[in-house]
Each structure stands twice: as C-alpha cells, then as structure tokens.
Amino acid sequence: MTTTTGPFPGGTILGYPRIGRRRELKRALESHWRGAIDDAAFHEAARANRVADLERLVALGLRADDASIPVEAAHYDHVLDATLTFGAVPPRLRGRVPAGLAGEWLLARGEGDDAPLEMTKWLDSNYHYLVPELDADTAFSLADTRIVDRFVEAGRAGVHGRPVIVGPATYLALAKAEGIRPIDLADRLVPAYGALAEALAAAGASWVQLDEPALVADLDGATLEELQAVARAGAEAVRAAGLQVLLHVGHGDAAGRVEPLADAVDAIAVDLVRGSAPAGDGPLVAGVVHGRNVWRTDLDAALDTLRWLSERRPTSVGTSTSLQHVPHDLAAETSLDERLVSWLAFADQKVEEVVALAAAVAGDVDEARFAASRAAVADRAAAPGVRDGAVRERLAALPAGARDRAPYAERDEQQRAALDLPPLPTTTIGSFPQTGDIRVARARNARGELDDAGYREVLRAEVRRVVELQEELGLDVLVHGEPERNDMVQYFAEHFDGFAATEHGWVQSYGSRATRPSILWGDVSRPEAFTVEWIAYAQSLTSKVVKGMLTGPVTILAWSFVRDDQPLGDTADQVALALADEIADLEAAGIRIVQVDEPALRELLPLRVEARPAYLAWSVGAFRLATAGAAPATQIHTHLCYSEFNTVVDAIDGLDADVTSIEAARSKMEIVEPLQAHGYGRGIGPGVYDIHSPRVPAADELDALLATATGAIPDRLLWVNPDCGLKTRGYDETVASLRNLVEAAARAREAV
Ligand code: GLN
Ligand code: ZN
C-alpha cells in the first residue's frame, strides 16, 4: 500500500466503539477468561470484530485510502495498549509478566496475590482506564507491535488507516509512580514513540494520531508547560520518522493550550462542542459532532462554524472526542419512541453526520439530510414533555430556603430521640448480593415467562431473607437490599418521566464491562412512588429502623445521556424535586432514615479548575433541594465512593447530610483527616470493609481501621459500615465479613 501524504482528509472521527455491535468483543474476552476459547480463537474473534468495524466505517462513507479512519481497537483498554507497546511493566511485576494474552490479562485483571493495575476514570467520562505504574527504574522500548499489526491488518482489509495512540504527555500525566514524578520520565519515553513511528513508517503509515487530552485538563503532577514540552517532543519524534501527526486533544477547550504546539504537528483535532478553536492558521480538525452524547447534530449551525473556519485555515470535520463513549447504532433500537429516535444519533449516525458535513464544506450539500436535521432540532424544541409546564412552574416558584434544612443541632437532637441508636451504629450501604435467582427471575419477567405478581413474590422473598439476615447479624440500621434494581440509575430512570431506556445502547465502562445509560430527554418528574413499596415492606418485618435508599441527582445525570438544551444544573434540580417527592412519600410511610447516594459527585468535577466552583454550586444545590424537605427528625444519609474525595471536602460538608458514608478501607481512612481539618461535624461512616474483593476482612484489620477512625472522629458522630453496596459479592463472604464488622463495632463500643 502506498503512503499518502498531504493535507488532512476532509472528514474523520477520532475513535469508534470497540466492544462490537453485539458486544462480540465482550463475549470473546469472557470466553477466553473462562478458558472456553484458546488464544488463537480469541485473536480471530477480536480481528473479525475490528475488521467488521472498519468495513462499517467505509460503508458509512469515510474514505478508505487517506487516513480518515482511525485504527485502534484495544482488547481491553487503550492506555493498557500504550503500556504494553512500550513495555512499561509495573515494578512489582518486573520479570514476571508473560508474553501475549496471559501478560495482558495479568495487568488488566490480576491473578492470585498479584493485583491488577488500578482502574480510574478517563478524564471526566465514565470510561475506566488502567493506570500505568512506573518508578525510577522504568525503561521504555518498542516491546510490542500491536499498534503496527493493526495498521497492517487494516491495510489487508483495504483501509489505509490512521494509527491512534495515547501521547506521551497524557500517558505520563495519567500514570502514577513511586518516588518520582511520572512526567520526569519523558526523556526515556519519547524515544520509544520514535521507535514506534519508525515501525509504522516502515509498514506504510502516513498519519499518526496522538491523543493528548491532558493538555486541556488541569491535572496534578505536571504543569501545562511541562505537558506541552512532552507533547511537542512526542510529536517531533513521530515526525522524525517521516510521518504526519494529528494531535487530538478533545474533552474540553483547547484555546490557549495548544497554540505553542502548532509548528510541531500537522493538524490539531479540537472539541468545538465544549470549547473554541485555538488561535492560528494551522490545519484544524473541527470537532463539531459531539463524541460524548447521543443528540443529533444541528447541521446548519455546524456548517456555519465550519465555513467560518475554513475561510481562515485548512479545516476538516471531526468529532469532539472518540465515539467510544456512545453506543454503536441507533438502528438497533426497535422499541424507542419514534419521535425520540428522530432526535438522536449514536456512533454510526455521527459518522454519517461527519461525512455529510465534509461534503457540504466541499460544496455538496445533501439537502434532505440537512432538512431532516433542521426538522429534528425544531421538533425537539417544541415537543411535549421536553418542556413540562408543571415542572417548570414548580422550579420557578421555589421558596427562599428551599435548599435548607433546620440547623443540625436541632435535627441531631430530634433524630437521637426518634432513632435511639447505640454509639457507633452499624449499617450497610444498601444492596445485598444480587443472586443468580434474582437475575433469572428478572430476565424471565422481561421475557414474559414470569408474570409481575410472580416476580414481585421472588423479590419480596429476597427482602425477607435480607432483613432476617441483618437481624441475625445484629446490625443496627437495616436496608431492604435493593433486589428490585437492575442498576441504581436505570431503575430510577424507568420510574421517572422524561427518561427513556435503550435495548442495545451499550457503552464500554471498562474491559468487558458495558453499561446502558438511559437517555434523559425531557423535563423530569415522578408520576408515583416507586421505592416506598419495597422499603415499607422491609420495615414491616422488623422493629429495627430500615433505611430508605435513593440515587442522588448528580449520579443520575452522570450515568445517563443528558439533554444538552439547558444547563445541567437546571436538569439536576428537576431530578432533585422528583426525589424530594419520593422522600416525602417514604416519610409518610413511616421511614425515618433515607440515604441519597452520590457516588458520582466527584466524577463530574470539571477538568478545569476555573469551572469547579460553579459545578459544585449546582451539584451540591441539587442534593440539598432533594433532601431539604425532610423533617428535622428524618435522618438523611449520603454515600460517596469510586474516587478520592479529599479535594471536595467543602462540597461534602455542603451537602448537609446528617450522616455521610464514604469509601475508606483501601486508603486506610485517608479521608478522615481532611474532613476533621475542615471541621466537618456531622455523622460519618468511613468504610471499614473493602467490598471490591471477595476477601473477608479479619478482626484485627477492622480493629485497626476503627481505631484510626475513633482516634480522629468524636464517638458520637462515628458510624461503622462497609465501603459500598454488596451487590457484586457472594452471600458467604458477605455474611462472614458483616459478622466480623458487627463484632469489631461491639469491641470498639466498649472502649467509648
Ligand atoms: N446503595 C447503592 C448500593 O448499595 C450504592 C452503590 C454505589 O455507591 N455505587 O449498591
Ligand atoms: Zn458506593
């Protein structure tokens, strides 16, 4: 295949979903892990999936011959691909990582006592990457040829593609290292990019895409100038091999951040949905098609932007980020409302938008497509349900103080009288193991093989079992166990107006795991109570207090595709009022404690420091709006996890919950100190049992964690609980662990 050089092609996408249209890659991964297929069969399945996607992109109109099509498609994670490509073996596993798939799975999933690489969120998305682990002895080389092999494979399938790899600045900014700053390893890492580029050049590549979103974020551990210098060095190393460089930043505003790199790269791909164009006259891939949401692009507006830009500089059409954050194909949805469908675009539809816009910039406007886009934009703006008068009036008429409860001292006194709990009360975070029986019953109910009454009886039996178990264990505040919830967000979306659920809208979360985010398309309200039945039933079975369980507004937004036609804060307030209605109904049914989970509070924190105060104001405000209507005697709990929360202690305090349970076991109670330093003076339950593994915490471990907690937190404020819900655990380890937890609390209580 000949090398094409020249200007960047007219239209491109920055990346494509990799899990497969029918989650073929997920199935191949899980079959291989189970031992059901061998290495060769796995590689063949992964290859077939990659080639099918390339063919699909060509069929959708991307050009096959000019590097328009990105070539990536990691087995598990694209950051792990860079780690493997450059041989950056974690220090603790040096000399022990086998070649091939066994080594890849060791890093991704761990084995025996060898923990996997840590997983964390990719920028402000809900995708998790594997964090590189480096140290002063880390050396980088071209240790694995997967990036080159996939380029060659694409060529065999008739596609002269564009290899994609995480750039060196972002790789190091997202890594962690013992004893040194990862960014200080740049001088060693950059030559490995040069070696990769030489191999790609030898294989006939023309363009390489370096993903450098770290340039538009404010990350700890490296300054902007350092990131720019490393990104430049990486680009120069690739160019030295005779290749052209597309620098892709995406995920935010590139203006003011990438200008100094213009002379070191051949084109820059920027996010014009969330940011503006950087200054200069260099070639731009204008990301006018949103890579992170599912709304159809306003083609007229996008074309205006593109025409304005192309009068000033060479301009290509692109997506704002990789499309890996959206589902494959809207056409797979057969039961979504037709009108809603006309407003949506999944990955394949976004590719078509890019192609249509590129043609239009070149003078060939597909009038029918533009007319359809125009009609969809107009229809969405006027459709019933998108604006619901009652919801809007209620929000507009919020009284002063609608986000404030009575002073804590007053609440505390009333709650102590109403609840009569022992010191260091024990509780759990909500879910109990979701057994195979529950899943089977849910699936049978969905297929119509088990009627609603039968399904309900299965769930009620599970609630009885969970309540009995908690009584037997001697927990103080009980839960119903959440057996009726497939997912903590989707369950709420299904019971609120303004939401729709997809059938096949899977988006990779990590590895073989995918989620199906709901689509929040209209004004949100709650037609009727939907958790009360379950929680009141649990309460009817016991004289102990049962805690109601709700998902908070920020988490509901974070894990859904959210309308883009109004500020997120306005949408969050609508969800908050729907939750406030549920809390009122729970209170009316005699429930005295309600937990409102906000595990995603930290996840939506903007990447840029200057945007954080506004975010924290609306997110904390929405939580307070949801909970402020509760009577002073009703105890409001919240729960936070999946992140380190040290930087948002202010916001945690601002939630004004009576009790906050927070993940803390693995970090050895790290959060306790900053909370105390802040003067946090309400109830707190730092998790003492790490539920992310089947390990049963031993008595002395629990005692040590509790000793740390009691040393820092006044006894009257301390709660004893696990890190998170138990739904992914099995019953055996859950029972053993909770037994140890209750006993440890009893020992600690004697000391107070
Ligand atoms: N109440 C939820 C549960 O126990 C909380 C889950 C979460 O924090 N992610 O499963
Ligand atoms: Zn949690």
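Any read-out appearing in this document is the output of simple, stated calculations on the displayed coordinates, not a laboratory observation. This one's a predicted model, so the numbers in the text were calculated from it and none came from an experiment. Quick reminder, even Gly has a Cβ in these numbers, built from the backbone with ideal geometry, and neighbours come from all protein chains shown.
General observations
- Among the trypsin sites (Lys or Arg not before Pro) in segment 532-631, none sits in a DSSP loop with a Cβ that has at most 12 other Cβ atoms within 10 Å.
- Debye equation applied to the C-alpha atoms of segment 174-227, log10 I(q)/I(0) at 0.14, 0.17, 0.18, 0.26 Å⁻¹: -0.50, -0.69, -0.75, -1.09
- Rounded to two decimals, the Cα radius of gyration of segment 1-129 over 2.2 N^0.38 Å is 1.21.
- Counting only Cα atoms, the size of segment 448-565 along its three principal axes is 48, 31, 29 Å, in decreasing order.
- Axis of helix 731-751 versus longest Cα principal axis of the chain: the two differ by about 60°, to the nearest ten degrees.
- Note on segment 323-372 and segment 499-542: Cα centroid distance 27 Å, given to the nearest whole angstrom.
- For segment 577-645 versus segment 4-76, the spacing of their alpha-carbon centroids is 40 Å.
- Rg/Rh for segment 571-627 (Cα atoms only, Rh after Kirkwood) is 1.08.
- Using alpha-carbon coordinates, inclination of helix 452-473 to the longest axis of the chain, degrees: 60
- Rule-of-thumb Rg ratio for segment 308-359 [Cα; 2.2 N^0.38 Å; N residues]: 1.40
- Size of segment 204-276 as Cα extents on the principal axes (Å, biggest first): 35, 27, 17
- ³J(HN,Hα) computed for each position of segment 268-285 - Karplus, 6.51 cos²θ - 1.76 cosθ + 1.60, integer Hz, glycine/proline x: 10, 9, 10, 8, 9, 7, 9, x, 10, 6, x, 5, x, 10, x, x, 10, 9
- Whether segment 356-400 is rounded, prolate or oblate, judged on the alpha carbon gyration tensor where a/c under 1.5 counts as rounded: prolate
- Extending 7 Å from Cα along the Cβ direction at ARG307 and again at HIS43 yields two label points whose distance is 5.2 nm.
- Working ranking of peptides 194-203, 571-580 by packing, defined as the average number of other Cβ atoms within 10 Å per residue, highest first, is 571-580, 194-203.
- For the pair ALA704 and GLU410, label points projected 7 Å from Cα toward Cβ lie 4.5 nm apart.
- When each of LYS26/LYS121; LYS544/LYS668; LYS668/LYS727; LYS350/LYS727; LYS121/LYS668 is checked by Cα-Cα distance, pairs over 28 Å: LYS544/LYS668; LYS350/LYS727
- Taking θ as phi - 60° and the Karplus parameters 6.51, -1.76 and 1.60, the scalar couplings of segment 32-38 work out to 5, 5, 6, x, 6, 10, 8 Hz in sequence order, x denoting glycine and proline.
- Compared with the alpha-carbon gap, the fully stretched path from LEU340 to ALA99 is longer by 82.0 nm at 0.36 nm per residue.
- Counting Lys and Arg as +1 and Asp and Glu as -1 over every other residue whose Cβ lies under 11 Å from the Cβ of GLY167, the net charge comes to -1.
- Estimated FRET transfer efficiency when R0 is 41 angstrom, pair LEU419-ALA461 (beta carbons, to 0.05): 0.90
- The chain: antiparallel DSSP beta bridges as a percent of all, rounded to 5: 15
- For the listed peptides 359-370, 26-37, a ranking on the average number of other beta carbons within 10 Å per residue, highest first, reads 26-37, 359-370.
- Taking only the Cα atoms of segment 488-540, the radius of gyration and Dmax are 14.1, 42 Å.
- On Cα atoms only, tilt of 347-361 relative to the major axis of the chain in degrees: 40
- Computed over neighbours whose Cβ is under 9 Å from that of ALA529, the net charge equals -4, Lys and Arg +1, Asp and Glu -1.
- Per-residue Cβ neighbour rank within 10 angstrom, fewest leading, VAL341, VAL355: VAL341, VAL355
- Whole-angstrom gap from segment 201-269 to segment 722-750, using each part's C-alpha centre: 48
- Rounded if a/c under 1.5, otherwise prolate or oblate - segment 300-453, Cα gyration tensor axes: prolate
- Least to most buried among THR138, THR647 (fewest other Cβ within 10 Å first): THR647, THR138
- Once the Kirkwood radius over Cα pairs is known for segment 380-460, the Stokes-Einstein relation at 10 °C and 1.306 mPa s delivers a diffusion coefficient of 85 µm²/s.
- Cβ-based charge dipole, the chain, positive-most Cα from ALA36, GLY318, THR426: ALA36
- Where the Cα pairs of the chain fall when distances are cut into 10 Å bins, in %: 3, 13, 23, 25, 20, 12, 4, 0, 0
- Ranked by how many other beta carbons lie within 10 Å on average, peptides 71-79, 626-634, 705-713 from highest: 71-79, 626-634, 705-713
- Exposure proxy order (Cβ contacts within 10 Å, fewest to most) of LEU568, LEU675: LEU568, LEU675
- From phi via Karplus (6.51, -1.76, 1.60), per-residue ³J(HN,Hα) for segment 591-596 in Hz, x at Gly/Pro: 7, 9, 10, 10, 9, 10
- Cβ-defined net charge surrounding LYS544, 13 Å radius [Lys, Arg +1; Asp, Glu -1]: -3
- When the convex hull of its Cα atoms is projected in every direction, mean area for segment 103-209 (nm²): 8.2
- Estimated D of segment 600-730 in µm² per second, where Rh is the Kirkwood radius over Cα pairs and Stokes-Einstein applies at 25 °C, 0.890 mPa s: 157
- Nearest-20 debye value, the chain charge dipole, Cβ charges on Lys, Arg, Asp, Glu: 660
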